[in-house]
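Step one of this worksheet: look at the structure below.
The values are calculated or read from the model by the stated rules, or taken from the named source; none is laboratory data. Everything numeric here is computed off the predicted structure, so don't read it as measured data. Counting neighbours? That spans all protein chains shown, and the Cβs are built from the backbone with ideal geometry, glycine included. When the accessible area is computed, the model is the full protein with side chains, heavy atoms only, and any ligands, DNA or RNA have been set aside. Shrake-Rupley method; radii C 1.70, N 1.55, O 1.52, S 1.80 Å.
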Amino acid sequence: MQNYTPPTPPRSTIRLTRRGRTALIATGAVVAATAVAVPLLSTDDKKEPRTLVIPEGYRTGQVYAAMDKALALPAGSSKKSLAKARLKLPNDASGNPEGYLFPATYPLDKKSTPVSLLTYMVDTANKKFGGGTVTAGAERNAMNVYQTVTVASIVQAEAATKADMGKVARVIYNRLDRGMPLQMDSTINYALNRSTLRTSENDTQLESPYNTYARMGLPPTPIANPGEEAMRAAVAPTQGDWLYFVTVKRGDTRFTADYEEHKKNVAEFNRAGKGASASSS
């Protein structure tokens, strides 16, 4: 994911304990005189139900914008409604819904408002994330549920494919276990409100709690709204000793525990000049 590969951080004893169609029915009516098929409009005036689609990995800002558009509201309206929504968020969230605006397709009707939609999303997230399987998995990984959602959000942003999610989650936990900085480009992208495959050395000097090159541990909040696959990976990561990964090209993500091997993979990524994503060095 980056053309910048910092030196291997020293391992320490730090152990972090906290991721139809209303088919325009065109029946051809044959006009006898001309034998021309004339499409007829259906007299059925039923319309497809209105919905709001929130893709996996959307950040809160993207969710707000999608809500404003779907509800035909002025830009910024949904974000402003947050103060009166009284969302049931974890205490650790401090009122920030990032990570808990669950990706799904939500029905809309005349009664839909930003508050009702935000509430629906958070309630859905709480149902998805509040089960015993998630709680037990978080405990196994020395995390609480909010931290597990944070891990899942990084997995969602970093993994090139669903098949890679479990491995990306394992890299995160392995680095935390060894007291190594996460060095995830996605967290810097979040701080800078951008999406890019490349992180410069200057980027890694960014003064931000989301700069996981310069700061230890997880970022203070999730960096996106993860879906179920990413959450499953965060709860039950694939077993392995990997500490590094980089997507050299589409469909070719390389995981390794060897820093020298990782440097070669990053060099290949840089030579290619493009890739689906890459991360952690």
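The set of residues from segment 117-154 being surrounded by fewer than 22 Cβ atoms within 10 Å (Cβ to Cβ) and touching a strand residue (DSSP E or B) at 6+ places or on another chain (Cβ under 9 Å) comprises Y120, T124. Considering only segment 251-271, state which residues are farther than 21 Å from L182 by Cβ and touching a Gly at 6+ places or on another chain (Cβ under 9 Å). Correct list: D252 only. So D241 ticks every box in (1) assigned to a loop (DSSP other than H, G, I, E, B); (2) closer than 27 Å to P90 by Cβ but one. Which box is left unticked? Going through (1) assigned to a loop (DSSP other than H, G, I, E, B); (2) closer than 27 Å to P90 by Cβ one by one, D241 breaks only (2). Inside segment 103-136, residues that are outside any helix (DSSP H, G or I) and within 17 Å of the chain's Cα centre (by Cα) make up a count of 3. Here the condition is being surrounded by 20 or more Cβ atoms within 10 Å (Cβ to Cβ) and at pLDDT 95 or above; of R232, R215, R178, it holds for R232 alone. With the structure loaded, tell me whether A257 is in contact with a strand residue (DSSP E or B) (Cβ under 8 Å, 6 or more places away or on another chain) and either surrounded by fewer than 15 Cβ atoms within 10 Å (Cβ to Cβ) or closer than 25 Å to G95 by Cα (or both) or whether it fails that test. Answer is yes for this residue.
So, T212, is that one touching a Pro at 6+ places or on another chain (Cβ under 7 Å), among the β-branched types (V, I, T) and closer than 30 Å to F129 by Cα or not? For T212, the condition - touching a Pro at 6+ places or on another chain (Cβ under 7 Å), among the β-branched types (V, I, T) and closer than 30 Å to F129 by Cα - is met.
Of all residues in segment 189-204, those satisfying the criterion of being within 26 Å of M121 (Cβ to Cβ) and either part of a helix (DSSP H, G or I) or over 15 Å from the mean Cα position of the chain (by Cα) (or both) are N189, Y190, A191, L192. Taking Y173, is it at pLDDT 95 or above, more than 13 Å from M231 (Cα to Cα), open to solvent by less than 50 Å² (accessible area, probe 1.4 Å) and in contact with a Ser or Thr (Cβ under 7 Å, 6 or more places away or on another chain)? For Y173, the condition - at pLDDT 95 or above, more than 13 Å from M231 (Cα to Cα), open to solvent by less than 50 Å² (accessible area, probe 1.4 Å) and in contact with a Ser or Thr (Cβ under 7 Å, 6 or more places away or on another chain) - is not met.
Within segment 139-163, residues that are within 17 Å of N174 (Cα to Cα) have Cβ atoms under 6 Å from residues that are open to solvent by 40 Å² or more (accessible area, probe 1.4 Å) in these pairs: A142/T17; Q147/R18, counting only partners at least 6 apart in sequence or on another chain. Only a single criterion out of (1) open to solvent by 10 Å² or more (accessible area, probe 1.4 Å); (2) under 21 Å from R59 (Cβ atoms); (3) assigned to a loop (DSSP other than H, G, I, E, B) is not satisfied by P226, namely (1). As a summary of the residue check, S195 satisfies the conditions (1) hydroxyl-bearing (S, T, Y); (2) open to solvent by less than 40 Å² (accessible area, probe 1.4 Å); (3) within 30 Å of P97 (Cα to Cα) except for the one numbered (2). Selection over segment 235-247 of residues that are open to solvent by less than 10 Å² (accessible area, probe 1.4 Å) and touching a strand residue (DSSP E or B) at 6+ places or on another chain (Cβ under 6 Å) gives a count of 4. In segment 205-214, of all residues being within 21 Å of the chain's Cα centre (by Cα) and of a type outside the set (G, A, S), the one that is nearest to T124 (Cα to Cα) corresponds to Y210. Screening M165 against (1) open to solvent by less than 60 Å² (accessible area, probe 1.4 Å); (2) touching a strand residue (DSSP E or B) at 6+ places or on another chain (Cβ under 8 Å) leaves a single unmet condition, (2). Scanning segment 137-165 for residues that are of a type in the set (S, T, N, Q), outside any helix (DSSP H, G or I) and out of contact with any helix residue (DSSP H, G or I) (no Cβ under 8 Å at 6 or more places or on another chain) yields a count of 1. Checked against (1) open to solvent by less than 50 Å² (accessible area, probe 1.4 Å); (2) touching a Ser or Thr at 6+ places or on another chain (Cβ under 6 Å), T105 meets all criteria but (1).
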